[in-house]
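Scroll down for the structure; my scribbles are underneath it.
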Amino acid sequence: MRRHADELFTFLDHPEVPYDNNTAERAIRPAVIIRKNSYANRSEAGADMQAPLMSIFRTLKQRGHNPLQTIVQALRTHLKTGQLPPLPGKVTASG
């Protein structure tokens, strides 16, 4: 703990830093619920597929996009051009 005391107690010097990881826990909860409701991934390949998909879905949602619509549009672009578009940026208040 001594080696990492500066990192562990950052919240004491910076009140804007939360003292817990509840935000991170809540962020991954939907993926955990999906995995539980579908009786796990059933294979290593399934787990290898779910991890990046859940990350992409969460990133899109946090950026203000509809994940399903955005992925469908990306796949359409890929089918037409052979290229996948980059992840879209954050949606601003002005759109």
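Excluding ligands and nucleic acids, what accessible area in Å² is computed for VAL91 using a 1.4 Å probe, to the nearest 10?
It works out to around 60 Å².
For ARG63, ARG42, ARG26, give the ranking by accessible area with the largest first, probe 1.4 Å.
Result, largest first: ARG42, ARG26, ARG63.
Zone of ALA31 (label point 7 Å along Cα→Cβ, backbone N under 12 Å): which residues in the stretch 58-95?
58-60
For the chain, what is the relative contact order in percent, using Cα pairs closer than 8 Å and at least 6 residues apart in sequence?
Relative contact order, the chain: 15 percent.
Counting heavy atoms of the protein chains only and a 1.4 Å probe, report the per residue accessible area for the chain as a whole number of Å².
With all protein chains present, the chain gives 88 Å² per residue.
How large, in percent, is the carbon and sulfur part of the accessible surface of the chain at a probe radius of 1.4 Å?
Summing carbon and sulfur atoms, their accessible area is 58 percent of the total for the chain.
Just to verify a number: what accessible area does ASP13 come out at with the full protein assembly present, 1.4 Å probe, Å² rounded to tens?
Estimated to the nearest 10 Å², ASP13 gives 130 Å².
Report the accessible area of HIS4, computed with a 1.4 Å probe over the heavy atoms of all protein chains in place, in Å² rounded to the nearest 10.
HIS4 exposes around 90 Å² with every protein chain in place.
What FRET efficiency would be calculated for the residue pair ASN22, ARG63, taking the C-beta separation as r and a Förster radius of 25 Å, to the nearest 0.05?
Between ASN22 and ARG63 the formula returns 0.75.
Between rounded, prolate and oblate, where does the chain land on the alpha carbon gyration tensor, with a ≥ b ≥ c its root eigenvalues, rounded for a/c under 1.5, else prolate if a/b exceeds b/c? If you can, show how the numbers build up before the last one.
Details: a/c = 2.48, a/b = 1.51, b/c = 1.64.
Taking the square roots of the gyration eigenvalues as a ≥ b ≥ c, the chain is oblate.
The values are calculated or read from the model by the stated rules, or taken from the named source; none is laboratory data. Fair warning: this is a prediction, and the values are worked out from it, not measured in the lab. Heads up, the Cβs are rebuilt from the backbone with ideal geometry, glycines too, and the neighbour counts pull from every protein chain shown. These area figures cover heavy atoms from the full protein model, side chains too; ligands, DNA and RNA do not enter into them. Shrake-Rupley method; radii C 1.70, N 1.55, O 1.52, S 1.80 Å.
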